Amino acid sequence: MNSGTVTMSNVLQRQRISLDGDWNVIVDPYEMGYVGILEQRNDRGFFRDHKPRHPGDRVEYDFDASPTLRVPGDWNTQHERLHYYEGTVWYRRIIEGPPEEQQRNPPGRVFVHVGAANHTSRVFLDGQELATHVGGFGPFAVEVTGRLSPGAHSLVVQVDNRREKDRIPAMRSDWWNFGGLTRSIDLVFVPDTFLRHAWLTMSPDGRVVGGVEIDGPTAPVRLRIPELDLDTAVELDAKGRFELDLEPERWHPGAPRLYDVHWSCGDDRIDDRVGFRTVETVGERIVINGETTFLRGISMHAEALSGGRRSHGPDDAAALFDLAEELGVNFVRLAHYQHDEHMVREADRRGILTWCELPVYWGIAFDQPHVLENAHEQLDELITRDRCRASTIFWSMANETMPSPERNAFLASLAERARELDGTRLVSAALLTLPTADRDHLVDDPLGAIVDVVAINQYLGWYYGERALIPSTTWSTPFGKPVIFTEMGGGAKYANHGDDGQIWTEEFQAAIYEAQLAMVDANRADAGRGPVAGLSPWILKDFRAPVRVLPGIQDGYNRKGLVSEEGEKKLAFDVLRSYYDEIEHAGRTTPGHDRDRDPDSDPAPEHDQHAGHGSEDDHR
Ligand code: GCU
């Protein structure tokens, strides 16, 4: 449970001092830095950042003389000895309090903003414990107003990435448990009254809606959008929400129209770039701005395009999106946790739709109230930071969780909260599908009744299913909602070649894609051939995963990428690219008012494929 932290959005638009760079660290596998041998909080703990006060004073640590780690960054790829490390690391940075004059004029407040710290962190200033944050991927802020007198101050952050049964995620994941201060840290300066949240978006029926959360003595809120001749005081309802009578040009996949937006409240000012688009489902189709839009997607982890490290910042975002654009996507699944804000802003700028997800992944302690509480905290961080992004169309509550009454109730509670925070986007969760001999797959997970889109992870031709049967496989649900394949694919080691029956070869992987895309095409909703409204194959790039141990092939990497861990393209990259090119330019998914179009009028052309011959493989 978080304490002493707040959520704050638009931080990239705020007056800040970056605290990125080298921080001194102490690696503390026995957690001695907080609790002493008596298991109580040890007042001479590392958070005190003590210095010997006299020659006889015994202080058994010294941050000044300790090694450093770069922030932002995971610790696992910075030091060979920390590669597998799961435990506590203490980070310390000396920060300068702004000069008196600056603090008084204008008077204001100061927050330490953490982009993300995996997994649980405590924040201390000058030895005082200020906050605890639980969750490895969401941003949080800690107020330090009045604690930063001019001069040096010791900012200490204890971070532990231990896996625990009652954490989110819990004991197992198919990604590397990168630990550390993995995203930027900033000192953020705001006036006494400021807009802790200010967001704008468009409801499915085309109304411009938004909301604010004012922190401090209240003051009127004004909004200016010069290109729309808007300069108005905003009328807030009891929940701080409002509506505007505006007809902006739409942000559309491939045509990202963004507007300069200027908020003011008292002395506070926020300048942002915002797009407006509607998203909804119509039967089994996903409709953006009234147009049926087939999601040509790819899944991504937050791992840099080179070096197998946690990605962060604008350059990593640009590199990952460059590659995704080369694939011809209009949609990206940001799996399985909140990604860096630069990712969703890059998507906004490039006109690429995104799926944003909570790390409620595999085995979670769904029956534990404190776990649900933290899931809500992580959800609030996910939505409050990104609900102003036109590119974001999905809030995903979970990935591959087994149906049970506790799980269903847990996810239903999250879905309800998501719709409370933002009723303008689609709610979903990626469902696990288990092997079945049937060609006609019926997906009736009870979660399908709660979500807006039924998202299916299926691995026909890899974990199960015969490749030759894939093209003639059909999918259905009892929910009458769009289906998207949030995962599908298979593994291959880059430059490992052979015939397409030889597992781990690029040819084997490419053949799976051929067969899968023939199946997708035969089930496409926009062509009236089935419920499939899109896909985001698993995955853009090979990524680090401790459960992947096959020597000479996996070596600690999940090999389902369409490119290697260094960005080298495998054959399947072009299989998917040419399919996306084909359907994008077949005029089937581009604008023209579909709401009342009969999909059966002229079905999309068949995608021809060379059905490869597969081998049954049913273990993950
Ligand atoms: C799962 C899971 C992914 C995992 C993938 C795989 O479906 O959601 O996180 O990496 O399968 O097995 O490669």
Over the chain, what percent of the accessible surface lies on carbon and sulfur atoms, probe 1.4 Å?
50 percent
Using just the alpha carbons, could you tell me how many Å³ per residue the convex hull of the chain encloses?
150 Å³
Evaluate the Kirkwood expression for the hydrodynamic radius of region 169-321, namely the inverse of the mean inverse distance over all pairs of different C-alpha atoms, and round to one decimal in Å.
18.8 Å
What shape does region 292-338 have by the C-alpha gyration tensor, where a ≥ b ≥ c are the square roots of the eigenvalues, rounded means a/c under 1.5, and otherwise prolate means a/b greater than b/c and oblate the rest?
prolate
When the charge dipole of region 111-221 is computed with +1 at the Cβ of Lys and Arg and -1 at the Cβ of Asp and Glu, the Cα pointing farthest to the positive end, of 181, 113, 170, is that of 170
Quick one: Karplus J couplings for region 555-566, per residue in order, coefficients 6.51, -1.76, 1.60, θ = phi - 60°, nearest Hz, x for Gly and Pro?
6, x, 10, 7, 9, 7, x, 7, 10, 6, 5, 10
To the nearest 10 square angstrom, how much accessible area does residue 44 have with a 1.4 angstrom probe?
90 Å²
Looks like region 135-204, by Cα gyration tensor root eigenvalues a ≥ b ≥ c and the a/c under 1.5 rounded cutoff (else prolate when a/b is bigger than b/c, oblate otherwise), is oblate
Take every Cα pair under 8 Å in the chain that's 6+ residues apart, average their separations, divide by the length, and report that relative contact order as a whole percent.
12 percent
Please list 557, 30 from largest to smallest accessible area, probe radius 1.4 Å, with all protein chains kept in place.
30, 557
Please report the relative contact order for region 315-399, taking Cα pairs under 8 Å with a sequence separation of at least 6, and give it as a percent rounded to a whole number.
35 percent
Calc'd 3J(HN,Hα), region 171-179, phi into Karplus 6.51 cos²θ - 1.76 cosθ + 1.60 (θ = phi - 60°), Hz, glycine/Pro = x, comes to 6, 9, 8, 8, 9, 6, 7, 4, x
Which of the trypsin sites (Lys or Arg not before Pro) found in region 196-249 are loop residues per DSSP with 10 or fewer other Cβ atoms within 10 Å of their Cβ?
239
What are the extents of the Cα atoms of region 59-188 along their three principal axes, listed from largest to smallest and rounded to whole Å?
51, 31, 23
Send over the per residue convex hull volume for region 178-237, Cα only, as a whole number of Å³.
183 Å³
Excluding ligands, DNA and RNA, what is the solvent-accessible area per residue of region 370-413 at a probe of 1.4 Å, expressed in Å²?
23 Å²
Ranked order, 450, 95 - accessible area, probe 1.4 Å, largest first:
450, 95
Sites residue 349 and residue 205, calculated FRET efficiency, Cβ-Cβ separation with R0 25 Å, nearest 0.05
0.40
358, 12, ranked by accessible area, largest first (probe 1.4 Å):
12, 358
Cβ-Cβ FRET estimate between residue 412 and residue 57, R0 fixed at 56 Å, reported to 0.05
0.50
Would you be so kind as to identify all helices of the chain, as entire DSSP H runs, whose Cα atoms reach 15 Å or more along the helix's own axis and whose mean Kyte-Doolittle hydropathy is at least 0.0?
313-327, 506-522
What does the charge dipole of the chain about its Cα centre add up to, to the nearest 20 debye, if the Cβ of each Lys and Arg holds +1 and the Cβ of each Asp and Glu holds -1?
1240 debye
Hey, how much of the P(r) for region 450-510 falls beyond 13 Å, as a percent of Cα pairs?
68 percent
Can you list the equivalent-ellipsoid semi-axes of region 417-495, largest first and in whole Å, using the square root of 5 times each Cα gyration tensor eigenvalue?
27, 16, 9
Neighbour-limited loop hits for chymotrypsin sites (Phe, Trp or Tyr not before Pro), region 303-375 (at most 16 other Cβ within 10 Å; DSSP other than H, G, I, E, B):
none
Over region 1-115, with the other protein chains present, what is the accessible area per residue in square angstrom, probe 1.4 angstrom?
55 Å²
Viscosity 1.002 mPa s, temperature 20 °C: give me the Stokes-Einstein translational D for region 356-432 in µm²/s, with Rh taken as the Kirkwood radius over C-alpha pairs.
172 µm²/s
Starting from the Cα gyration tensor of region 8-89, multiply each eigenvalue by 5, take the square root, and state the resulting semi-axes largest first in whole Å.
27, 18, 15
Probe of 1.4 angstrom, ligands and nucleic acids ignored: what's the accessible area per residue over region 454-553, in square angstrom?
24 Å²
If each DSSP helix of 4+ residues adds -39,500 (n - 2.57) and the sum is divided by the residues in the chain, what number results at 222 nm, nearest 500 deg cm²/dmol?
-5000 deg cm²/dmol
Taking θ as phi - 60°, what are the ³J(HN,Hα) couplings along region 263-280 by the Karplus curve (6.51, -1.76, 1.60), each to the nearest whole Hz, with x for Gly and Pro?
9, 9, 7, x, 8, 7, 9, 9, 10, 9, 10, 10, x, 10, 8, 9, 9, 7
For region 218-271, the percent of all C-alpha pairs falling in each 10 Å bin, from 0 up to the bin holding the max distance, is 21, 48, 26, 5
Area accessible to solvent at residue 488, 1.4 Å probe radius, in Å²:
0 Å²
Sites matching GluC sites (Glu not before Pro) across region 1-88 that sit in DSSP coil, with at most 11 neighbouring C-beta atoms within 10 Å:
39, 60
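The values are calculated or read from the model by the stated rules, or taken from the named source; none is laboratory data. Here the structure is a predicted model, which is why all the values come from computation and not from measurement. Neighbour counts run over all protein chains shown; Cβ positions are idealised from the backbone, glycine included. Side chains included, ligands, DNA and RNA excluded: accessible areas come from the protein's heavy atoms. Shrake-Rupley method; radii C 1.70, N 1.55, O 1.52, S 1.80 Å.
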